[in-house]
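Enquirer: What follows is a structure written as structure tokens; I'll ask about it next.
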């Protein structure tokens with residue numbers, strides 16, 4: 001499943017949860033799993049962006065924050 005499909009499914013389950021019918025146990029577990037996957041993807045994306053930030057020091061040298069903090073491989 002690509003991310004857009006997962007987001008669409010998360011939204012579909014959310015809308016269903018707000019109806020009179022609600023979610024059954026299997027759907028609640030699916031919703032929780034999809035939300036965890038989405039959060040992990042967002043965290044991974046943010047970490048990748050932060051690891052690629054370069055800072056120019058007052059002495060003119062360039063320092064990569066990912067390398068500085070040991071997160072960049």
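Read the figures in this text as sums done on the coordinates, not as results from a lab. This is a predicted model, so every value here is computed, not measured. Reconstructed Cβ throughout: ideal geometry from the backbone, glycine too, with neighbour counts over all protein chains shown.
Enquirer: Once you treat every alpha carbon in the range 3-68 as an equal point and sum by Debye, what is log10 I(q)/I(0) at q = 0.18, 0.20, 0.25 Å⁻¹?
Expert: Here the Debye-derived log intensity ratios amount to -0.71, -0.80, -1.01.
Enquirer: State, to one decimal in nm, how far the label point of residue 46 lies from the label point of residue 11, with both points 7 Å from Cα in the Cβ direction.
Expert: My value for the distance between the label points is 2.2 nm.
Enquirer: For the chain, calculate the relative contact order in percent as a whole number, restricting contacts to Cα pairs under 8 Å that are 6 or more residues apart.
Expert: That works out to 19 percent.
Enquirer: When ranked by the protection proxy of mean other Cβ atoms within 10 Å per residue, highest first, what sequence do the peptides 54-65, 3-14 form?
Expert: The most tightly packed comes first, giving 3-14, 54-65.
Enquirer: While we're looking at this one, here's another question. Compute the helix-to-body angle for 25-51: its Cα long axis versus the longest principal axis of the chain, expressed 0 to 90° and rounded to tens.
Expert: 10
Enquirer: Continuing with the same structure: Treating the angle as unsigned and between 0 and 90°, give the value, to the nearest 10°, between the Cα long axis of helix 3-17 and the longest Cα principal axis of the chain.
Expert: Long axis of 3-17 versus the principal axis of the chain: about 40 degrees.
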